[in-house]
């Protein structure tokens, strides 16, 4: 039974720490904290079109109209979540860009594990603790005069109480930590950004070996692999079978009645454990 946390004092992010991040820790990053925003992805997309460089990070204390896959929306209480977006201008071929949401999910998972949580990635990019969602990612491609870029939006439930969770299948770090309490959001943000930078740089390096290593690392962290799944596809069709692996392109490989089928993140509506 999860421990119920209170709405006790929720400290603000430490802007002094975030504005002075060491390049050795998180290279090429500039963090801006805003008190309130409808969507950090929308803010960063606007900055990208205006010519902002790679590495811009906008984090808000209170997001009022966050967006997820399939245009799902939500709002979290002020200072209860870690909600931010990162501007990336990849030089990797656009055919490999479908890896971006997966590597972002993997980076969050890695940072949460380093913070002591037993997290796992649900393909393609949700992060779970147990079977409950604690974080989600939305990656959007934006066209700019400098060329296409990617806005990586990340939302992590940090201090939400059980009553504040958006759906019964969600959780928060505070709930999972129990009496130990939620981790410091500033330290967690630094950890996630460092992890994301490491994964992004590996992906940018390219090559078959890098792709194979990324796919293997992601598969090791992915709780979907090895489970019977039900994949809901556009148009109402359904694919059921055993999720056996992640291929070098980031597709989920499902062994079903008609053999192996590889599905991409952009081709699915839902992926659920088969009952």
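Only the coordinates and a few stated rules stand behind these numbers; no lab work does. Here the structure is a predicted model, which is why all the values come from computation and not from measurement. All Cβ positions, glycine included, derive from the backbone under ideal geometry; neighbour counts span all protein chains shown.
Let me check against my output: what whole-number percent is the relative contact order of region 15-218, with C-alpha pairs under 8 Å and at least 6 apart? The partial results should precede the final answer.
Working: 386 pairs, mean separation 41.3, N = 204.
Here the relative contact order equals 20 percent.
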Sites residue 14 and residue 237 - FRET efficiency at Förster radius 51 Å, r taken between beta-carbons, to 0.05: 0.55
Spin-label pair residue 201/residue 179, simplified geometry with 7 Å Cα→Cβ offset, distance in nm: 4.1
Listed residues 154, 129, 142, most fluctuating in the chain (Gaussian network, C-alpha, under 10 Å): 142
Radius of gyration and maximum dimension Dmax of region 224-273, Cα, Å: 9.7, 27
Computed helical MRE - 222 nm, the chain, DSSP H runs ≥ 4 contributing -39500 (n - 2.57), nearest 500: -8000 deg cm²/dmol
Paramagnetic reach from residue 249 in region 97-111 [backbone N under 19 Å; point 7 Å along Cα→Cβ]: 97-103
Contour excess over end-to-end distance, with Cα ends at residue 228 and residue 216 and 0.36 nm allotted per residue: 2.4 nm
Most mobile listed residue (168, 90, 148) in the chain, GNM with C-alpha springs under 10 Å: 168
GNM top mover of 165, 102, 193 - the chain, alpha-carbon springs below 10 Å: 165
Sorted peptide list for 43-55, 204-216, criterion being average Cβ within 10 angstrom, highest first: 43-55, 204-216
